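As structure tokens, the structure follows; a few thoughts come after it.
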Amino acid sequence: LSLAWAITQLGWVAGPVTLIIFSLITLFTSTLLADAYRHPDPVTGQRNYTYMDALCGLAQYANLVGVTVGYTITASMCMASVRRKKCLHAEDNCHVSTTIYMIIFGSIQLILCQVPNFHKLSWISILAAVMSITYSFIGLGLSVAKVAAAQLNEGAEATTTWPTVSEAHRLWKVFQAIGNIAFAYAYSTVLIEIQSSPAENKTMKRASFVGISTTTIFYLLCGCVGYAAFGEDAPGDLLSGFHQPLWLLNVANVSVTIHLIGAYQVFAQPIFSLVESSCRQRWPEVKFVTTDHQITIPFLGGTGFHVNCFRLVWRSAYVIVTTVLAMLLPFFNVFLALIGAASFWPLTVYFPIEMYIARAKLPKFSFSWMGLQALSLACLLVSLVAAAGSVEGLIQSLKVYHPFKN
């Protein structure tokens, strides 16, 4: 949803080219990462079930925390948008706070996070994927309709005009846009956790190709058509630029919310698993940590639900902390750009490349070694400038943000 804004900052040529380059890099490093699932042999070697087993767990889990905060911000904005558009439709000047919707989103996560493990949430993942396709098509369709309704000469003029801002300000926006595109390719952070089935590396390589190809097509369509529809006025959230038809926009925003409810769990479950398994290993004799209590649910034929006291307290605390952080930093584009910039190089590029070099035992300064290191260095520089732009945007947003008025 932020890609139309990102394409606007970069322009018709640099925007799509940057997006395609990020997709190709992610596809390439994902194939390297898929081979790292087993070591030393990619087919018969010992499994690395998590990033921590593979090498770079600390970087991954720090990023996962940021992603769950970002999803809380985004979901609350979409829920608030449903209420805000209703007010606008009624020509009522009402102020809609996102804080209450962050609390609602957090309350839903308090319940879902008590599901013991990720594999019991596969249905949520499927539902989230369907919702993602739904709101992407709605945003794309509304953008196409807006372009078609505009006169050809007016549309060409709008999409080739740059905002009247200083060169320095424009450059910071370009850096933020790169961070937003990087965030769109952040799935490598959970690739090892979701990798399974026989011949895992071959299966995940095919899945990565299909997944990245499909999403890149969606990204290009939403980004470019959204830019064509709004020109220099492309909003940070594509859906927020439309006001009619109200019912369709509500469907789209509800779809985003449902998608992010599931996505939050996909990215939070590795954190839950790491902390709980570590605590069980360290304190195996503490019943508070290791003992499950069965609670019978009335009217369900004696069906029981297993409750672990430590899981209840720890996961609830995590959801509360991420919700509070979202309340303190409710800036959609800037926060997503910062997460994308901070995670893309270490998790999508550096660690997969270093794992491949170590596993393949590439000699230093060989042609392949220098090529991979050059790619890693280039991505590091891109991530640094994107992070700089995101930090600058965050500082500017904080200067005008009043949390008690939000």
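The values are calculated or read from the model by the stated rules, or taken from the named source; none is laboratory data. The model shown is predicted, which means the values in this text are computed figures rather than measured ones. Using ideal geometry, Cβ is built from the backbone for each residue, glycine included, and neighbour counts are taken over all protein chains shown. Please note that ligands, DNA and RNA were not included when accessible areas were found on the heavy atoms of the full protein model with its side chains. Shrake-Rupley method; radii C 1.70, N 1.55, O 1.52, S 1.80 Å.
Need the failing condition index for I111 against (1) modelled with pLDDT of 80 or more; (2) open to solvent by less than 40 Å² (accessible area, probe 1.4 Å); (3) of a type in the set (V, I, T), just the number.
Result: I111 passes all but (2).
Within region 232-240, can one find any residue that is over 20 Å from the mean Cα position of the chain (by Cα), modelled with pLDDT of 80 or more and open to solvent by 50 Å² or more (accessible area, probe 1.4 Å)?
yes
If the Cβ limit is 6 Å and pairs must be 6+ apart or interchain, which residue in region 73-88 that is in contact (Cβ under 8 Å) with a residue 24 or more places away in the chain pairs with which residue that is in a helix (DSSP H, G or I) and among the hydroxyl-bearing types (S, T, Y)?
Here the result reads A75/T257; S76/Y101; C78/T257; M79/Y101; M79/T257, each pair linking region 73-88 to a residue that is in a helix (DSSP H, G or I) and among the hydroxyl-bearing types (S, T, Y).
Is it true that some residue in region 118-138 is surrounded by fewer than 17 Cβ atoms within 10 Å (Cβ to Cβ), at pLDDT below 85, of a type in the set (S, T, N, Q) and in a loop (DSSP other than H, G, I, E, B)?
Within region 118-138, none of the residues are surrounded by fewer than 17 Cβ atoms within 10 Å (Cβ to Cβ), at pLDDT below 85, of a type in the set (S, T, N, Q) and in a loop (DSSP other than H, G, I, E, B).
Within region 315-326, track down each residue that is open to solvent by 50 Å² or more (accessible area, probe 1.4 Å) and more than 15 Å from I111 (Cβ to Cβ). Lay out the reasoning, then the answer.
Our first condition is that a residue be open to solvent by 50 Å² or more (accessible area, probe 1.4 Å); within region 315-326, this holds for 320-321, 324-325.
Selection gives V321, V324, L325.
Out of K364, K399, I need the residue that is open to solvent by 60 Å² or more (accessible area, probe 1.4 Å), assigned to a helix (DSSP H, G or I) and of a type in the set (K, R). Which one? Full working, then the answer.
Details: K364 fails: assigned to a helix (DSSP H, G or I).
Being open to solvent by 60 Å² or more (accessible area, probe 1.4 Å), assigned to a helix (DSSP H, G or I) and of a type in the set (K, R) holds for just one of K364, K399, which is K399.
Among the residues that make up region 230-251, is at least one of them over 27 Å from K85 (Cα atoms) and among the polar types (S, T, N, Q)?
no
How many residues does region 241-280 hold that are crowded, with 21+ Cβ neighbours inside 10 Å, part of a helix (DSSP H, G or I) and aromatic (F, W, Y)?
Summing the residues that are crowded, with 21+ Cβ neighbours inside 10 Å, part of a helix (DSSP H, G or I) and aromatic (F, W, Y) in region 241-280 gives 2.
Between a first residue in region 305-334 that is within 14 Å of T74 (Cα to Cα) and a second residue that is among the aliphatic types (A, V, I, L, M) and not in a helix (DSSP H, G or I), which pairs have beta carbons less than 9 Å apart while being 6 or more apart in sequence or on different chains?
F332/L1
State the number of residues belonging to region 332-361 that are part of a loop (DSSP other than H, G, I, E, B) and open to solvent by less than 30 Å² (accessible area, probe 1.4 Å).
The total comes to 0.
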